[in-house]
Amino acid sequence: MEEDGGASRDVTEGVGQNDPGQRSRVDEFEHYRGLLFSIAYRMLGSVADAEDMVQETFLRWQQSSGDEIHSPRAFLVTITSRLCIKHLQLARVQREQYVGPWLPEPVVTGPIAINPPIRLEIDESLSMGFLVLLERLTPVERAVFLLREVFDYEYGEVARITSLNEANCRQILSRARQRVHEGRPRFDAAPQQTEELLKRFIDAAHSGDMEGLLALLADDIVAYTDGGGKVAALPEPIYGAENFARQFLAAFKKFAPPNIVSRLTQINGQPGVIGYSNGKVRNVLTVNIVNGKIQNLYIVRNPDKLGRLPSLTSFVC
């Protein structure tokens, strides 16, 4: 994962250096760290929070006795999942009070991703659109849905992890599937097509080309801008091509720094754009493409969610 920006301290560092038994436990935990982070990030949509859940799982792993652990993988996934459910339940009020649309913290998954030991399995469930869709679910629904649909756990395993019975899990999954499938983003564009549309979008934004921008947008586009109340951002989702193009170009002209530089990379498994000004990350933009047009657009401007992204010098021009 990307390093820095206030990343939580790795509590596994230095553990067991003089104790082979402890070192073996650390190594076993590290074997599953990527899986645990993948679950936690999809549950929470935050790199920092996901790291915290993984670190807390490690502390509990270290404090547990061998008698408690029949399967290390099952034990660790259970701890992480339950921590994430509890965290989401506590964070609900914060999410409801969030200023403007809430978007997940973007993750660079392309070649320039920093600190690669933790690798996220890249699939549709990692995309910005899919993570936004998961916000429709309650914390327990989200856990059941992800464990069953994304990580392929059997109903009995999901029931044990979530402290439910199988019948409840099946009912919860049925409701979650319905909510997710109602708005599930469709991806019918090859990465090359998405990159080309993003380049044209950026060109139109910089030149103030209204007609050029409209040519890229689906008539019923929905656009989200996350500023978190800390920087200028569109305060509500914007619906419709003309409405979005007008508001976006006006905001871009008013707030975009004159020296902004855009770089294409892979964000959450899809082509995306990072905008830099004076060497600092200013925004991240990703899109869903349907029938050759931009159907959904996501712009993250909240600086709290941009600190872990790579520097401009990471790109080889």
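The values are calculated or read from the model by the stated rules, or taken from the named source; none is laboratory data. Keep in mind that this is a model prediction, so the values were computed, not measured. So basically every Cβ, Gly included, is an ideal-geometry build from the backbone, and we count neighbours across all protein chains shown.
Observations on the model:
- Members of the range 62-91 that are farther than 21 Å from E51 by Cβ and charged (D, E, K, R): D67, E68
- All positions within the range 92-111 that are assigned to a helix (DSSP H, G or I) and acidic (D, E): E96
- Residue check, L214 more than 25 Å from E124 (Cβ to Cβ) and in contact with a strand residue (DSSP E or B) (Cβ under 7 Å, 6 or more places away or on another chain): no
- Looking only at the range 290-317, and only at residues there that are among the hydrophobic types (A, V, I, L, M, F, W, C) and either touching a helix residue (DSSP H, G or I) at 6+ places or on another chain (Cβ under 7 Å) or assigned to a strand (DSSP E or B) (or both), the one that is nearest to A215 (Cα to Cα): I294
- Check on L76, modelled with pLDDT under 95, in contact with a Ser or Thr (Cβ under 9 Å, 6 or more places away or on another chain), in the same structural domain as V132 (by TED's automatic domain parsing) and part of a helix (DSSP H, G or I): no
- Sole exception among (1) in a helix (DSSP H, G or I); (2) closer than 30 Å to P271 by Cα; (3) at pLDDT below 95 for Q89, by number: (2)
Okay, residues lined up against (1) of a type in the set (A, V, I, L, M, F, W, C); (2) within 20 Å of G110 (Cβ to Cβ):
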site: N243; (1), (2): no, no
site: L249; (1), (2): yes, no
site: K254; (1), (2): no, no
site: V261; (1), (2): yes, yes
site: Q266; (1), (2): no, yes
site: G272; (1), (2): no, yes
site: G279; (1), (2): no, yes
site: K293; (1), (2): no, no
